[in-house]
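Only the coordinates and a few stated rules stand behind these numbers; no lab work does. Because the structure is predicted, anything quoted here is derived from the model rather than measured. In this analysis, Cβ positions are derived from the backbone assuming ideal geometry, glycine residues included, and neighbour counts consider all displayed protein chains.
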Amino acid sequence: MICEAKKEYVFLFNTQAPSCHASTVLPLPDGSVLCAWFAGQREGADDVGIWSSIRKDGVWSEPVRISDERDTAHWNPVLHLQENGNIILYYKFGQTIPHWLTKFVISEDNGRTWSAPQELVPGDTSGGRGPVKNKCIRLQDGTVLAPASTEQNKMWIPFIDRSEDDGLTWEKQTPMERPKYKRSWVQMIQPTLWQSEDQSVHCLLRTNQGAVYRSDSDDLGITWCKPYRTSLPNNNSGLDLVQDSKGRLWLLYNPVSKNWGDRYPLTLAVSTDDGETFKDVINLEVNKGEYSYPAITCKDDKLYLTYTHLRERVAYWEITPES
C-alpha cells in the first residue's frame, strides 16, 4: 500500500518553549509545507503560544511564535487554506478548556506574516467555535465544515460549524446526540470529517469508552445521526483522517482501547470501503512514549502527517501510497 515513507522533525528542540503539542500541517500550492503547534513550559501555562515553521526545499525554518498574547495559554491550532490562497490559522485561547475562546489570524504570504488576532465568534461563551483540533473540509458545493466540540460542565459535546464564506463566519449546527454504552454516557470530542461520493458526510470521534464512534449526515452536515460505536479502538486521544482522490480514507490513530491508555503505537490505517472497515498499514511509532494528536492531510495523492513526539518535538512524515 505504501511506495515511499520518510520521517523527519520540524525542529529538534525549542529552548524558548520546551513542551509542545497539537500540531497542524498544510501543504501549499508553491510546494512548501506549513506546520503550527502550541508550545511553552507546559500545557496550559501562561507562556504557551502558537508557533510555526515552513518547510521549503526540504528544510524547515527556525520556529517562530505567531501569537503575541503573552499572559494566557493558547491551544490546538488548525490551518485552513482558502480558495483565494490566503491561510487562516484558528486556535483556542483561555486558561482552562471550559472557558476557551476561538481566535484566528490570516496570512496572505504562505505563512510568513500574520494579521492581528481576532475573535472568531465575538461574544461566544460556549467553550469554543470552529475547528477544535482537526482540519476543516470543503464540501462538493463549496460549503466549509469545521469539526467542533466543547468541554463544559463535565460534558463533552461534538458539533459541526458550517461556513458559507470559506471559514470567516460560522453557523453552529445542533450538537450530536449523546449515546450510552454499558449504561454510561459516551463522552465525545474532536471529530474528523469526510464526504462520500453520494455527498453524505461522516465523522469519526474521540471518546472515553475504548472505541472510536461515528456519525453520518445526509444533509451536508446540518443534522447528524446519533453517534454509534465502531470496531476501531480509541484510548481517549486524538485521531485524524483524510480522503485521497481515489476515495481511500487514511486514518492516523493510537490503536489502544483503554480509556486514557498508552499513546503508542501510532498507526496509519486505510479504508477502501468508505470507512466501513480499516486495515492497519504501518506503525509510525512503536516504542514506549507519547506519540499523539496526529494531523494528516493530502495533496496530489501524497500524505502529509505530523504529531506530538514525546511532548518535545513535532514529527513529520511524507508518505506516498500506491496508486
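Cα centroid separation, the stretch 130-154 to the stretch 272-323: 20 Å. Report note on the peptides 155-164, 192-201: ranked by the mean count of other C-beta atoms within 10 Å, highest first, their order is 155-164, 192-201. The peptide list 72-83, 171-182, 254-265, put in order of mean Cβ contacts within 10 Å with the highest first, becomes 72-83, 254-265, 171-182. Rounded to 0.05, the FRET efficiency of the E322 and E276 pair, given R0 = 22 Å and the Cβ-Cβ distance, is 0.60. Positive-end ranking of T306, L239, W60 along the dipole of the chain, with charges on Cβ about the Cα centre, is headed by L239. With point charges of +1 on the Cβ of Lys and Arg and -1 on the Cβ of Asp and Glu, referenced to the Cα centre of the chain, which listed residue (V144, W250, S32) lies farthest in the positive direction of the dipole? Positive-end residue among those listed: W250.
Label-to-label distance for W185 and T15 is 4.8 nm, based on points extended 7 Å past Cα in the beta-carbon direction.
Of S217, S245, S52, the residue with the greatest mean-square motion in the GNM of the chain, using alpha carbon springs below 10 Å, is S245. For the chain, modelled as a GNM whose springs connect Cα atoms under 10 angstrom apart, the maximal fluctuation among V64, V144, V242 occurs at V64. The residues neighbouring L239, those whose beta-carbon lies less than 10 Å from its own, together hold a net charge of +1 under the Lys/Arg +1, Asp/Glu -1 convention. The magnitude of the dipole of the stretch 2-321, with charges of +1 and -1 set on the Cβ of Lys/Arg and Asp/Glu and taken from the Cα centre, is near 1320 debye. Relative contact order for the chain: 15 percent, from Cα pairs under 8 Å spaced at least 6 residues apart, divided by residue count.
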